[in-house]
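Read through the structure below, which is laid out as C-alpha cells, and then see the notes.
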Protein chains: 2
Amino acid sequence: MFLKKNDRETITDIGEFGLIERIKKIAGRPNAGVVLGIGDDAAVIDVGTNRYLLVTTDILTEKIHFNLDYFSYYQLGWRSMAANLSDIAAMAGSPENAFVSVAIPKTTEITSIEELYRGMKDLADLYQVTIIGGDTTSSTSDLFLCITITGSVEKTHVTARSGAKINDTIYVTGSLGGSCAGMKLLNQIKSPEPAENSALKKKHLNPQPRIEEAQYLRQNISLHAMIDVSDGLASEINHICSSSAVGATILENTIPLADGTKEVAAALGEKPLSYALNGGEDYELIFTAGGEEVKAIKPEFEKKFGIPLTKIGYIVEAEKGVSLTLKNGKEAGLKPTSWDHFPEG
Amino acid sequence: MFLKKNDRETITDIGEFGLIERIKKIAGRPNAGVVLGIGDDAAVIDVGTNRYLLVTTDILTEKIHFNLDYFSYYQLGWRSMAANLSDIAAMAGSPENAFVSVAIPKTTEITSIEELYRGMKDLADLYQVTIIGGDTTSSTSDLFLCITITGSVEKTHVTARSGAKINDTIYVTGSLGGSCAGMKLLNQIKSPEPAENSALKKKHLNPQPRIEEAQYLRQNISLHAMIDVSDGLASEINHICSSSAVGATILENTIPLADGTKEVAAALGEKPLSYALNGGEDYELIFTAGGEEVKAIKPEFEKKFGIPLTKIGYIVEAEKGVSLTLKNGKEAGLKPTSWDHFPEG
C-alpha cells in the first residue's frame with residue numbers, strides 16, 4: 001500500500017498562506033464587535049468609543065527570522081518591535097502598548113535579555129509606546145519572541161487592505177530591497193565596506209516603522225487600501241488585490257530600489273528586482289489612493305519625512321490579474337512568491 | 001584571572017520572577033491610560049468607556065509546558081486556551097477575542113495543527129471568545145505557542161492582586177494538586193486505571209478556567225484580591241501578599257486536595273501537599289474577601305458550579321510574613337517556590 005501525499009500533508013506542503021486559510025475556516029465568524037479579523041495587518045475591534053482598538057501580534061524565531069551571528073540583542077529587540085509597529089502603521093493607527101513574550105535558552109546571559117528589552121524600549125519610546133505585559137519562559141533550543149501591540153485609530157480613518165478601487169494609483173514610501181541586500185551583506189561579513197553597505201545593513205538591523213508617515217497620509221489624503229512591506233512587494237500587492245477583489249499593474253522601472261541594492265545583487269549574481277519583490281522586511285508602506293490627491297501632497301511629504309513617495313502602478317479590473325510591466329514593455333504575472341516562513345527542505 | 005559568577009549570570013541563576021523584575025525596570029512607567037501593567041494576571045487599560053480593556057498573553061513551550069507524548073494536539077489547544085482564559089478570570093473579567101501565534105516544526109502534519117486550533121476553538125466557544133488574529137511561522141526544533149486574549153471588565157469591578165486587606169479571609173475554588181498528580185500519572189502511563197486517575201489526568205489535559213465562577217463572585221461579593229493558580233498555591237499567595245503589602249496564614253488541614261492526589265503521591269513516595277503548593281496549573285481561583293460575605297454565598301456557589309469554595313486561611317500584617325500552619329499546629333514559612341520555567345541543570 002502506498003501513502004498518498006495528502007495523507008501526511010505537512011506545513012511545508014501548503015505554506016504559510018495555505019495554513020492561514022485553514023485556520024480561518026476553523027476560527028469561524030468573529031464576534032459582533034470585530035470589524036476586521038484574521039487577514040489584515042491588525043485586528044480592528046469596536047470597543048464603543050470613537051476610536052477602534054487595533055491589535056497585532058508577531059512571532060519571531062531564531063534562525064528563521066533572525067540570526068544572532070550578526071544581530072546584537074539590542075538590534076533584535078529594535079527590529080522585532082519595528083515589525084509590530086509597522087503593522088499598526090499599515091492600519092494608519094497610533095500604537096499604544098506592547099506585550100512581549102520570550103522563550104529563552106537556559107544558558108542565555110541576563111545582560112543579553114536586558115539588551116533585547118532595551119532595544120524594544122528605545123524604539124517604542126519614539127512613539128510613546130510602553131511595554132506593559134508579556135510572559136517569559138525557557139526554551140529547549142532557540143530564542144523565540146512574540147510581541148503583541150495594541151493601538152487605536154479614529155473610526156473614520158481605518159485603512160484596511162480591502163479598499164483598493166479600480167484606477168487607484170499605487171504608491172510606496174521610501175525604497176525597497178534594502179533590507180534583503182543588507183541581510184546578504186551581513187551573511188558575507190565583508191569589511192571594510194563602503195558607506196552604502198552600512199546603510200543597507202542598518203535597513204536590515206534597525207528598520208524604521210512608518211508610523212508618522214501613515215498618520216500624515218491618513219490626515220491629508222483619502223487612503224483606500226494600505227499594507228506594510230513585511231514579505232515583499234509581490235506578496236503585499238497580491239494581498240491588497242485579493243482583499244479588494246481587484247487587479248494591479250506594477251511598473252518595473254518605477255520601483256524605488258534602496259541605494260546600493262543593485263551593486264550587492266550584481267556582486268552576488270542575483271537580480272535586484274527580486275530583492276524588492278520577494279525580499280521583504282523593508283517595513284515601507286504600500287497604499288492605493290486617487291493619483292491627483294497624492295501628487296498634491298508628495299512634495300510636502302518628501303520634505304517632511306526625507307524619504308521618497310513613489311508611484312509604482314495602478315489598480316485595474318480583477319480579470320486583468322496582478323502583473324508587472326517589465327522595462328522592455330512586456331507583461332509578466334506577479335505571483336505572491338514571498339519569503340516563506342515554511343521553506344521546503 | 002577568574003570570572004566572578006555575576007559576570008556571566010544566566011536566566012537560570014535569577015529565575016523567572018527575578019527576570020520579570022529586571023524587565024519591569026527597563027520597561028519603566030506605563031502610559032497614562034494603563035491602570036495595571038506588568039505584574040498582574042492581565043494588563044488593565046482605560047479606553048474611555050465604562051469598561052476597562054484587559055490584555056493577557058502566555059507563551060508555551062514544548063517539553064517545558066507540555067509534552068506531546070501524552071498531549072493530543074486537541075488537548076494542547078484546549079489547555080493553552082484555558083491558561084489564558086484563566087488569567088482573564090483572575091481579573092473577574094469577560095474574555096472576548098484571542099490571538100494565536102504558533103511556531104511549528106516543519107515536519108508537523110497539517111491535521112495536527114488543525115486539531116490544535118479546534119481544541120482552542122472548542123473551549124473558546126464556551127465563553128463566546130473568537131480567534132481573530134495571530135501569526136504562524138516554522139520552528140527549527142520544538143512547538144511554541146503564544147496566545148493573547150483581550151477582554152473587558154466593568155471599571156467598578158476590576159480585581160487585582162493588590163487589594164488584599166488585613167483580616168480578609170482567603171478562599172480557593174475547586175481543589176488543588178490535581179493537575180500535578182495527573183501529570184505524574186501521565187508520565188507513568190499506567191493502564192488500566194481507576195476512574196479517579198482518569199479524572200486527574202483530565203485535570204492536567206483539559207482544565208476548566210473559572211470564568212463564570214469569577215463573574216458570579218464579582219457580582220455577589222466584594223472581591224478584594226484575586227489570582228489564578230498557574231504556578232501553585234505557595235507562589236500565588238506570595239504574589240497577592242507582595243502586591244498588597246500584607247502577610248498571610250494558610251492552614252494546611254483546610255487545603256482542598258483533588259480526589260486521588262493523596263494516592264498518587266503515596267505511590268510515588270511524594271507529599272500531596274507539595275502538589276497543591278508547588279504543582280501549579282490547577283487554574284483555580286484564590287481570592288480574599290470578608291469572611292461573612294463569602295459564607296453567605298458559599299452554598300449557592302457550590303450548588304451552581306458543582307465545586308467547593310474553601311476557606312484556606314486569612315490575611316495578616318506584613319510583618320508576620322506568609323506562613324503555613326501545619327496539621328501539628330507548628331508554623332512554617334511559605335516561600336514562592338513554584339514550578340520554575342527556568343529550572344537549573
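The rows are residues; the columns are (1) more than 17 Å from B:Q208 (Cα to Cα); (2) in contact with a Lys or Arg (Cβ under 9 Å, 6 or more places away or on another chain); (3) surrounded by fewer than 22 Cβ atoms within 10 Å (Cβ to Cβ).
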residue	(1), (2), (3)
B:D58	no, no, no
B:K63	yes, no, yes
B:Y70	yes, yes, yes
B:Y74	no, yes, yes
B:M91	no, no, no
B:V100	yes, no, no
B:S112	yes, no, yes
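Among the listed residues B:D168, B:D125, B:D142, identify the single one that is more than 29 Å from B:L268 (Cβ to Cβ), in contact (Cβ under 8 Å) with a residue 60 or more places away in the chain and of a type outside the set (A, V, I, L, M, F, W, C). On inspection, the qualifying residue turns out to be B:D168. Just one of the numbered conditions (1) modelled with pLDDT of 95 or more; (2) open to solvent by less than 10 Å² (accessible area, probe 1.4 Å); (3) not in a helix (DSSP H, G or I) is not true of B:I104: (1).
Can you tell me how many residues within segment A:26-41 are facing another protein chain (nearest Cβ under 9 Å) and either surrounded by fewer than 17 Cβ atoms within 10 Å (Cβ to Cβ) or free of Cβ contacts under 8 Å to residues at least 24 places away in the same chain (or both)? Here the count works out to 10. Restricting segment A:8-25 to residues that are among the aliphatic types (A, V, I, L, M) and crowded, with 19+ Cβ neighbours inside 10 Å leaves a set whose member that is farthest from A:D231 (Cα to Cα) is A:I23. Is it the case that segment A:221-233 has a residue that's surrounded by fewer than 24 Cβ atoms within 10 Å (Cβ to Cβ) and not in a loop (DSSP other than H, G, I, E, B)? No - not one qualifying residue is present in segment A:221-233. Among the residues that make up segment B:149-169, is at least one of them farther than 30 Å from B:G48 by Cα, more than 7 Å from every other protein chain (Cβ to nearest Cβ) and in contact with a Leu (Cβ under 8 Å, 6 or more places away or on another chain)? No, there is no match, as no residue in segment B:149-169 is farther than 30 Å from B:G48 by Cα, more than 7 Å from every other protein chain (Cβ to nearest Cβ) and in contact with a Leu (Cβ under 8 Å, 6 or more places away or on another chain).
For every residue, the table says whether it meets (1) assigned to a strand (DSSP E or B); (2) of a type in the set (A, V, I, L, M, F, W, C).
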{"position": "A:G15", "(1), (2)": "no, no"}
{"position": "A:G18", "(1), (2)": "no, no"}
{"position": "A:E21", "(1), (2)": "no, no"}
{"position": "A:R29", "(1), (2)": "no, no"}
{"position": "A:L53", "(1), (2)": "yes, yes"}
{"position": "A:S80", "(1), (2)": "no, no"}
{"position": "A:I88", "(1), (2)": "no, yes"}
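Of all residues in segment A:196-215, which are outside any helix (DSSP H, G or I) and surrounded by 17 or more Cβ atoms within 10 Å (Cβ to Cβ)? Listed by number, the residues that qualify are A:P207, A:Q208, A:P209, A:R210. Only strands (runs of 3 or more DSSP E) whose full extent lies in segment A:238-345 are considered here, and the ones with at least 3 residues that are in contact (Cβ under 8 Å) with a residue 60 or more places away in the chain are A:247-251, A:285-289, A:309-316, A:322-325.
Any idea which residue in segment A:134-170 is surrounded by the fewest Cβ atoms within 10 Å (Cβ to Cβ), counting only those that are small (G, A, S), at pLDDT below 95 and not in a helix (DSSP H, G or I)? Ranking the candidates gives A:S141 first.
Picking from residues in segment B:239-260 that are touching a Leu at 6+ places or on another chain (Cβ under 7 Å) and closer than 22 Å to B:T325 by Cβ, the one that is most open to solvent (accessible area, probe 1.4 Å) is B:L257.
The residues on offer are A:G291, A:G333, A:G329, and the sole one that is modelled with pLDDT under 95, farther than 30 Å from B:P105 by Cα, open to solvent by less than 30 Å² (accessible area, probe 1.4 Å) and away from every other protein chain (no Cβ under 14 Å) is A:G291. Residues that are part of a strand (DSSP E or B) and surrounded by 24 or more Cβ atoms within 10 Å (Cβ to Cβ) were ranked within segment A:42-51; the one that is nearest to the other protein chains (Cβ to nearest Cβ) is A:A43. The set of residues in segment B:90-144 that are charged (D, E, K, R), at the interface with chain A (Cβ under 7 Å from one of its Cβ atoms) and closer than 18 Å to A:I38 by Cβ comprises B:E96, B:E114, B:R118, B:K121, B:D135.
The values are calculated or read from the model by the stated rules, or taken from the named source; none is laboratory data. The shown structure was predicted, so the numbers you read here are calculated from the model rather than taken from an experiment. So basically every Cβ, Gly included, is an ideal-geometry build from the backbone, and we count neighbours across all protein chains shown. Accessible surface areas use protein heavy atoms only, side chains included; no ligands, DNA or RNA. Shrake-Rupley method; radii C 1.70, N 1.55, O 1.52, S 1.80 Å.
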